[in-house]
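Below you'll find the structure, written out as structure tokens, and then a few comments.
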Amino acid sequence: MSKEPSTNLESAMQMLIKTFHKYSGKEGDKYTLSRGELRELLTEELGNYLGNAQDKDAVEKVMNDLDSNNDGEVDFTEFIILMGALTVACNDFFNDDKSGKPEGSSDEKKE
């Protein structure tokens, strides 16, 4: 990527791409994650959120859930589905405001 990101969201998108490719291709296809590569990514990059990423059965379940085309590998699209689902789960967990808006959102009524 030649263009530097100018917004937080652009930076986040570039980081997702870079992180995927940091782990993909160590074993086999450079555009997919094998089970071992997925385990390493989950452990190194999401260990604080996924405390059991070292658990072989947990990684196997994540792999089976993500591998929508049943090729034994996770491609970038399947990886982004995982990241989206985890982001939604984190938002739900950390969002204390039951209205669906993050706490401190600018359109809350001030009294």
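So here's what we get for this one:
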quantity	calculated
Dimensions (Å) - the stretch 1-45, Cα atoms, principal axes, largest first	34, 20, 10
Heavy atoms of Thr19 accessible to a 1.4 Å probe, total area in Å² rounded to 10	20 Å²
Charge context of Ser24, other residues only, Cβ under 10 angstrom, K/R +1, D/E -1	-2
Nonlocal amide H pairs with Asp75, under 5 Å, H built at 1.01 Å	Leu33
Rounded accessible area of Tyr31 (nearest 10 Å², 1.4 Å probe)	130 Å²
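The values are calculated or read from the model by the stated rules, or taken from the named source; none is laboratory data. Source: prediction; values computed, not measured. We place every Cβ from the backbone using ideal geometry, glycine too, and count neighbours over all the protein chains shown. Please note that ligands, DNA and RNA were not included when accessible areas were found on the heavy atoms of the full protein model with its side chains. Shrake-Rupley method; radii C 1.70, N 1.55, O 1.52, S 1.80 Å.
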